[in-house]
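Student: One structure, as structure tokens, below. Some questions next.
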Amino acid sequence: MKDNRIHYDLERKLRRYAIGNLMKYIVIGQGIVFALMYIWPTLGYRLYSLISLTRAGLMRGQIWRLVTFVFTPPSSSPIFILKISSPIFILFALYFYYMIGVGLENQWGKVKFNLYYLVGMLGSIIAALITGYGNNMFLNLSLFFAYAALYPDEQVLLFMFLPIKMKYLALADAALYLYYFIVGGASTRVTIVLCLLNVFLFLGGDIINTIRRESRYWKTRYNFRKAMRK
């Protein structure tokens with residue numbers, strides 16, 4: 001009840017400042033940048049270099065990079081353990097991000113969703129200031145983790161034909177980035193921790209509860225099968 005009251009108060013006080021349909025604008029921006037990179041590479045890659053998040057650029061006073069890096073297309077980062085480069089997969093990725101963004105905003109309200117995204121942006125910016133370069137890869141991943149925590153049993157079509165539940169995709173991505181954290185250098189570890197800070201702040205309790213629930217489910221299933229074999 002206390003959490004619901006806090007959520008209501010934030011929504012009431014900050015609603016006028018929040019951006020509705022935030023993910024729609026982000027996806028449109030990413031789509032435009034990718035289209036330019038694909039159709040007109042000289043202009044597209046020049047634009048990409050101007051909007052990406054780099055410490056060197058920020059030190060030169062190019063403060064727009066603090067915001068524009070969210071519009072770099074997902075072709076520059078892995079999703080579902082693959083590197084996306086073709087227009088078909090880009091369209092799928094943009095639709096997927098739009099879908100989970102709308103789902104989160106509908107579930108949380110636009111204020112909480114805006115705050116969640118903003119904290120993810122701040123984490124990415126701090127990581128870039130420390131390591132020298134940042135992108136929206138982990139920011140996008142944080143949206144995916146949030147959606148999987150809220151809708152763990154919802155199915156999506158992996159590679160556009162293989163049905164799989166969100167919780168299993170989330171586990172696969174979590175295992176991948178745990179591997180990166182273990183084998184990567186200090187800059188990789190800093191980037192992962194800071195860029196997923198919003199996941200820990202907003203969803204730590206939900207993730208722990210999901211893990212406990214899944215653990216009980218598989219334990220019960222194992223004991224049932226064990227009893228049936230006797």
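Every read-out reported here was derived from the displayed coordinates using simple, explicitly stated rules and does not represent laboratory data. None of the values given here were measured: they were computed from a predicted structure. Here the Cβ is made from the backbone with ideal geometry for all residues, glycine too, and neighbour counts use every protein chain on show.
Student: So how far, in whole Å, is the C-alpha centre of the range 25-41 from the one of the range 86-151?
Tutor: 17
Student: For the peptides 105-117, 30-42, what is the packing order when you average, over each peptide's residues, the other Cβ atoms within 10 Å and list the highest mean first? Mind showing how you got there, number by number?
Tutor: Details: 105-117: 19.1, 30-42: 16.3.
The packing order, highest mean first, is 105-117, 30-42.
Student: Right, another one. Students often get this wrong, so check it: of Lys24/Lys110; Lys112/Lys167; Lys13/Lys110; Lys13/Lys112, which have C-alpha atoms separated by over 18 Å?
Tutor: Details: Lys24/Lys110 12 Å; Lys112/Lys167 22 Å; Lys13/Lys110 12 Å; Lys13/Lys112 12 Å.
Those over the limit are Lys112/Lys167.
Student: Still on this structure: Taking R0 as 35 Å, what's the FRET efficiency between Ile126 and Leu162 from their Cβ-Cβ distance, rounded to 0.05? Intermediate values should be presented prior to the final figure.
Tutor: On the way: r = 37 Å, r/R0 = 1.04.
E between Ile126 and Leu162, to the nearest 0.05, is 0.45.
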